[in-house]
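Once you've had a glance at the structure underneath, I'll fire off some questions.
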Amino acid sequence: DGGITQSPKYLFRKEGQNVTLSCEQNLNHDAMYWYRQDPGQGLRLIYYSQIVNDFQKGDIAEGYSVSREKKESFPLTVTSAQKNPTAFYLCASSKDSQGENTEAFFGQGTRLTVV
Amino acid sequence: DAKTTQPPSMDCAEGRAANLPCNHSTISGNEYVYWYRQIHSQGPQYIIHGLKNNETNEMASLIITEDRKSSTLILPHATLRDTAVYYCIVRAYNFNKFYFGSGTKLNVKP
């Protein structure tokens, strides 16, 4: 089945450690996105990528880094510089960076807890 | 980017139509209205989108006012499984960011 896979579903890390969240899609989508969601809040855009080897900062990119070496993969690294990393992280992809029929498809999320 | 305003919560009786409003008074001509929903601790699910015409699919109907400053998502026969947070999003045609607000928590009651 085609879709977006995020792993792991739950992740625990000690404060000060970097951690990488995985996002893989087999939908042949060009654009991929990372969002952060805090309890009771909407989604906030961290980074997005319109094409391989290119990515742009979203609204809350500080303390995060990404790479897009392959079309199918868009890993997110939460660095020790991120002040409040505990959150629910969602990855999404869409068929094309522009155009009418480009709804985003979401993974099931990774819940990161930093202790 | 156009901002959206939604009521924080709504109740609906099971089997009745759920009408979820969204205000997007600053929307521009090339911006689409999208609706997603999120069931607790899951990824958001796409529902429907439109530009200026009303749209219908197997999940819902989208009614956009003539001036495009507001829209309504209609779930024709709400079930308990429709309990979720519903997000109204405005997205530019040539701009691939999806901005989510706080959404409307729809509570479908038996």
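The values are calculated or read from the model by the stated rules, or taken from the named source; none is laboratory data. Note that the structure is predicted; figures quoted are calculated from it, not measured. Note: ideal-geometry Cβ built from the backbone for every residue, glycine included; neighbour counts use all protein chains shown. Ligands, DNA and RNA are excluded from the accessible area calculation, which covers all protein heavy atoms including side chains. Shrake-Rupley method; radii C 1.70, N 1.55, O 1.52, S 1.80 Å.
Can you name every residue in region B:1-29 that is hydroxyl-bearing (Ser, Thr, Tyr) and surrounded by 13 or more Cβ atoms within 10 Å (Cβ to Cβ)?
Start the filter on region B:1-29 by keeping residues that are hydroxyl-bearing (Ser, Thr, Tyr), which leaves B:4-5, B:9, B:25-26, B:28.
Those that are hydroxyl-bearing (Ser, Thr, Tyr) and surrounded by 13 or more Cβ atoms within 10 Å (Cβ to Cβ): B:Thr4, B:Thr5.
Which of the numbered conditions does A:Leu45 fail, given that it passes all the others? Conditions: (1) part of a loop (DSSP other than H, G, I, E, B); (2) under 22 Å from B:Trp35 (Cα atoms); (3) without any contact (Cβ under 8 Å) to a residue 24 or more places away in the chain.
Every listed condition holds for A:Leu45 apart from (1).
I'm trying to understand the selection: among the residues of region B:50-69, which are of a type in the set (Gly, Ala, Ser), assigned to a strand (DSSP E or B) and within 14 Å of chain A (Cβ to nearest Cβ)? Please lay out each step first, then the result.
Residues of region B:50-69 that are of a type in the set (Gly, Ala, Ser), as a first pass: B:50, B:60-61.
Applying the additional criterion that residues be assigned to a strand (DSSP E or B) yields B:50, B:61.
Once the filter is applied, which keeps residues that are of a type in the set (Gly, Ala, Ser), assigned to a strand (DSSP E or B) and within 14 Å of chain A (Cβ to nearest Cβ), region B:50-69 yields only B:Gly50.
Let me ask something else about it. In region A:69-87, what count of residues is obtained for those that are over 10 Å from the mean Cα position of the chain (by Cα) and either on the phi > 0 side of the Ramachandran plot or within 14 Å of chain B (Cβ to nearest Cβ) (or both)?
Total meeting the criteria: 1.
Cβ-Cβ distance below 6 Å, separation of 6 or more or different chains: which pairs start in region A:14-38 with a residue that is touching a residue at least 24 places away in the same chain (Cβ under 8 Å) and over 16 Å from A:Ser65 (Cβ atoms) and end on one that is hydrophobic (A, V, I, L, M, F, W, C) and open to solvent by less than 30 Å² (accessible area, probe 1.4 Å)?
A:Gln25/A:Ile4; A:Gln37/A:Leu43; A:Gln37/A:Phe88; A:Asp38/A:Ala87
Taking only region B:71-104 into account, find how many residues are at pLDDT 95 or above and among the small types (Gly, Ala, Ser).
3
I need the full set of residues from region A:13-42 which are in a strand (DSSP E or B), touching a Ser or Thr at 6+ places or on another chain (Cβ under 6 Å) and surrounded by 15 or more Cβ atoms within 10 Å (Cβ to Cβ), in order please.
Residues satisfying the conditions are A:Leu21, A:Ser22, A:Glu24, A:Gln25, A:Ala31, A:Met32.
List the pairs whose first member sits in region A:104-115 and is more than 7 Å from every other protein chain (Cβ to nearest Cβ), whose second member is assigned to a strand (DSSP E or B) and open to solvent by 40 Å² or more (accessible area, probe 1.4 Å), and whose Cβ atoms are under 6 Å apart, counting only residues at least 6 apart or on separate chains?
Correct list of pairs: A:Arg111/A:Tyr10; A:Thr113/A:Phe12; A:Val114/A:Arg13.
Keeping to region B:73-95, report how many residues are under 23 Å from B:Ser25 (Cβ atoms) and either open to solvent by less than 40 Å² (accessible area, probe 1.4 Å) or assigned to a loop (DSSP other than H, G, I, E, B) (or both).
Adding up the residues that qualify gives 12.
Which of the residues spanning region B:30-46 are surrounded by 15 or more Cβ atoms within 10 Å (Cβ to Cβ) and more than 9 Å from chain A (Cβ to nearest Cβ)?
Result: B:Glu31, B:Val33, B:Trp35, B:Arg37.
Restricted to region A:43-59, and to residues that are of a type outside the set (Gly, Ala, Ser) and buried (at least 20 other Cβ atoms within 10 Å of the Cβ), which residue is nearest to the other protein chains (Cβ to nearest Cβ)? Break it down into steps so the answer makes sense when it comes.
Filtering region A:43-59 for residues of a type outside the set (Gly, Ala, Ser) gives A:43-48, A:50-57, A:59.
Applying the additional criterion that residues be buried (at least 20 other Cβ atoms within 10 Å of the Cβ) yields A:43, A:45-48, A:55.
Values: A:Leu43: 4, A:Leu45: 6, A:Ile46: 11, A:Tyr47: 11, A:Tyr48: 6, A:Phe55: 12 Å.
The residue in question is A:Leu43.
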